[in-house]
1. What are the residues whose amide H is under 5 Å from the amide H of residue 137, where those residues sit 5 or more places off or on another chain and H is modelled from the backbone?
2. Rank these for me by crowding, 180, 80, going from fewest to most other beta carbons within 10 Å.
3. Sum up the charges of everything whose Cβ sits under 15 Å from the Cβ of residue 332, counting Lys and Arg as +1 and Asp and Glu as -1, but leave residue 332 out.
4. If only Cα atoms are counted, what is the Rg of the chain, and what is its Dmax, in Å?
5. Quick one: net charge of residue 292's neighbours, Cβ under 15 Å, K/R +1, D/E -1?
6. Name the residue from 323, 429, 125 whose Cα lies farthest towards the positive end of the charge dipole of the chain, charges +1 on Cβ of Lys and Arg and -1 on Cβ of Asp and Glu.
7. What longest range of the chain stays clear of loop-exposed trypsin sites (Lys or Arg not before Pro) (DSSP non-H/G/I/E/B, at most 15 other C-beta within 10 angstrom)?
8. For the cross-link pairs 132/166; 166/242; 81/179, which exceed 27 Å when the distance is taken from alpha carbon to alpha carbon?
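Quick note: the coordinates plus some simple rules give every number you see, no bench work behind them. For clarity, every value in this text was computed on a predicted model and none was experimentally measured. Counting neighbours? That spans all protein chains shown, and the Cβs are built from the backbone with ideal geometry, glycine included.
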Amino acid sequence: MKHFTKLALAGALATVTAGAAMAEGLYLPNLSYRTGPFAATGIPLMNGQRDYMEMLNARDGGIGGVPVIFEECETGYSTEKGVECYERTKGEALVTQPWSTGITLQVLPQTNVDQIPILAPGYGFSPMSDGKTFQWAFNPPASYWDGMSMVLQAISGGDLSSLSGKKIAHLHLDHPYGKEPLPLLEAMGEAHGFEVLPIPVGISEMQNQSAQWLQIRRERPDFVIMWGWGAMNAGAITEAVKTRYPMDQFVGVWWSGHTDDLQLVGEEGAGYRAISWSLPNADAPVMADIREHVVDTGKTLASDEELGEVFYGRGIIISAILAEGIRVAQEMHGTAEITAPQLRDGLANLNFTAERIEELGLSGMMAPFSTSCANHTGHSGGWMIEWDGTQFVQASELLQADRDAIEPLEAEKAAEYAAANAPWPMNEACEAS
């Protein structure tokens with residue numbers, strides 16, 4: 001409820017006419033969703049993204065001295081509305097940020113024609129990591145298949161053979177996002193001898209999952225892995241508590257590690273974990289800059305409590321990735337007023353070393369990673385975060401995905417996608433790395 005006091009302002013922001021004649025600057029549209037059943041998770045992410053760009057404008061005059069025009073086009077997480085937003089904004093856009101796996105899949109072929117990079121941090125189609133095949137799509141710093149691999153490592157104690165004979169439920173939104181990790185999970189189940197039990201949750205069922213949790217009580221899986229979003233997360237966590245499912249056997253992807261969802265159950269949710277490629281750090285220098293230039297000047301849409309939460313901090317990281325791609329592109333091409341194809345070059349040459357992360361004031365919030373022509377994800381790894389009854393805390397060292405297991409599947413699915421959408425343009429100049 002804490003976000004609702006600013007919904008009117010957020011709504012006004014989201015209904016700005018996109019794609020109109022732009023003032024001079026870096027036009028970075030964001031296909032946001034501050035309304036609908038996914039608003040509770042969308043709002044803090046969008047607030048973090050927006051505040052980082054507001055901070056760059058106020059502190060630095062933008063990026064490379066060029067102001068950022070960071071405009072939102074409201075989709076409500078609807079694929080149809082998302083495609084409409086893409087079409088409305090693409091004329092002047094340097095990038096498209098679909099904010100839905102469904103929207104990403106719909107606009108993916110068109111970006112080859114329009115030559116606009118997709119930035120889908122930590123979401124979208126996992127084989128987009130293959131930059132030779134998906135030359136306009138980027139999903140740093142980790143893919144959904146990376147995330148599933150790290151979850152399996154965490155629940156197995158690093159030895160997937162220990163899962164042999166066990167049953168793992170995949171509780172997921174019945175949407176391209178929720179289904180995305182199934183190819184890897186099923187392949188790992190076959191390789192390591194565990195049973196996979198897919199349990200879909202329809203959008204109309206998100207707040208009433210009694211049927212799904214009756215199935216979980218009946219099947220008694222050893223672990224439940226949740227690929228949830230929006231109201232689905234809160235519904236699942238509430239049902240897990242109600243049915244007394246062991247919370248230390250309940251693990252989510254990074255979009256299922258939202259502070260507000262766990263606050264609904266408080267202490268009873270203790271032990272629930274999620275994999276995360278970002279960590280909140282109230283003491284990071286970037287947070288002080290955002291407070292000085294955005295919060296204290298009344299430009300933020302976020303509540304004070306939200307500033308210290310996982311999703312707001314992740315929004316900051318997402319905008320930092322985009323801003324760094326712009327800076328790299330400006331440097332590579334010797335111009336501050338870059339084009340969308342030039343931004344693609346920047347996103348393909350990210351290098352978030354520990355030193356660069358510190359320079360950006362992001363220490364303790366993200367792990368190092370780099371991208372290349374062939375590697376559009378970076379595969380930073382992630383941490384398990386655990387709900388302690390009042391907040392999420394770091395619960396593991398940095399985990400890394402089993403890339404030896406994932407890469408052949410990425411190559412197979414990328415080739416299948418290209419064949420199904422032939423003629424599909426490949427970046428033949430791209431060398432494997």
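1. Sorted by chain and number, the residues that satisfy this are 118.
2. Taking fewest neighbouring Cβ atoms as first place, the list is 80, 180.
3. Values: positive: 327, 344; negative: 324, 331, 337, 345.
That sum, taken over residues with Cβ under 15 Å, equals -2.
4. Reported Rg and Dmax, both Å: 20.4, 62.
5. Numbers: positive: 59, 291, 299; negative: 51, 54, 60, 283, 289, 296, 304.
Charge balance in the 15 Å sphere: -4.
6. Comparing the listed Cα positions along the dipole, 125 ranks first.
7. No qualifying site falls inside 3-243, the longest such stretch.
8. 132/166
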